[in-house]
Amino acid sequence: MLVFPNINPVALELGPVAIHWYGIMYVLGFLAAWRLGLFYARRPYSVWTGQQVNDLIFYGMLGVILGGRIGYILFFDLSSFISNPVTMLQVWQGGMSFHGGLLGVIIAMLLFARRNNKSFFTVADFVAPLVPLGYFAGRIGNFINGELWGRVAPAELPWAMVFPHVDQLPRHPSMLYQALLEGLVLFALLWWFTLQRRPSMAVSGVFLIGMGGFRIFNEGFREPDAHIGYIAFDWFTMGQLLSVPMWVIGVILFWLAYRPAKSAVR
């Protein structure tokens, strides 16, 4: 059984300015997406330029940060915002919703596609493989912050972890499960899938199937937010509820991409 190392969430203090590990992880995630995007843009059949990738990452940053924070407030912490609206700005404290960030990125992609005369799914299929590494970095930031801990685990589980700031019970380090499956494993899956040119919507479909499915699975090990609890059956959580539509839409997109007589490619 392991004990949470109680990492200082502040990486560096420069006078009154505190640089948090959580913020650093977000920067590293965006840098990884940017470099990977430039790599994909150099593929022989690519319709992307380096400048377009630069612009797309900027749009994506705004979508992730604004959508993630607004989504968290709306889905998980509306009462705190109503009592103290300043909490909306305190992103360094954590409190970012993946589903809100996803909606923010979808809006950003719509705006980018319109401005650059690209179809929405040309943009979405390009963006999808860039997301998991950034997601991995964000979950590592959650671990450093000691947040989003898991449900109580069997004491004999070798990687069960005690979070002393929570209680003395062994718990699943669920943020690391998410970093592994929704981050590294999904990245590897999309990397393999995009080694060949795929029909329009196929890459987006695989991303939503993988992210939605892994999220539904991982939420089974994560302690639900105390002020929300379980939605049903003492197991089903808000995170799972929000992930089901992702999985369903992913299946539909994948079917549409490979339905008979479809020949369009991105």
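What follows is calculated from the coordinates using simple rules that are stated; it is not laboratory data. These figures come from a predicted structure and were not determined experimentally. Note that each Cβ is placed from the backbone with ideal geometry, even for glycine, and that neighbours are counted across all protein chains shown.
What's the magnitude of the charge dipole for the chain around its Cα centre, counting Lys and Arg as +1 and Asp and Glu as -1 at the beta-carbon? Answer in Debye, nearest 20.
On the way: 17 positive and 12 negative charges, 281 e Å.
Dipole about the Cα centre, nearest 20: 1360 debye.
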Open item on the list: Take residue 195 and residue 120, extend 7 Å from each Cα along the Cα→Cβ direction, and tell me the distance between the two endpoints in nm.
Closed with: 3.2
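Per residue and in Å³, how big is the convex hull formed by the alpha-carbon atoms of the chain?
On the way: hull volume 39.9 nm³, N = 266.
Hull volume over Cα atoms, normalised by residue count, gives 150 Å³.
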Open item on the list: Could you derive backbone 3J(HN,Hα) for the stretch 178-193 from the dihedral phi with the Karplus parameters 6.51, -1.76 and 1.60 (θ = phi - 60°), listing whole Hz in sequence and x where the residue is Gly or Pro?
Closed with: 5, 4, 6, 6, 6, x, 6, 5, 5, 4, 5, 4, 5, 4, 4, 5
Open item on the list: Give the separation of the Cα centroids, the stretch 50-72 to the stretch 138-209, in Å.
Closed with: 22
TODO: Kindly provide the trypsin sites (Lys or Arg not before Pro) of the stretch 127-225 that DSSP labels as loop, not H, G, I, E or B, and whose Cβ sees at most 15 other Cβ atoms within 10 Å.
DONE: 151, 197
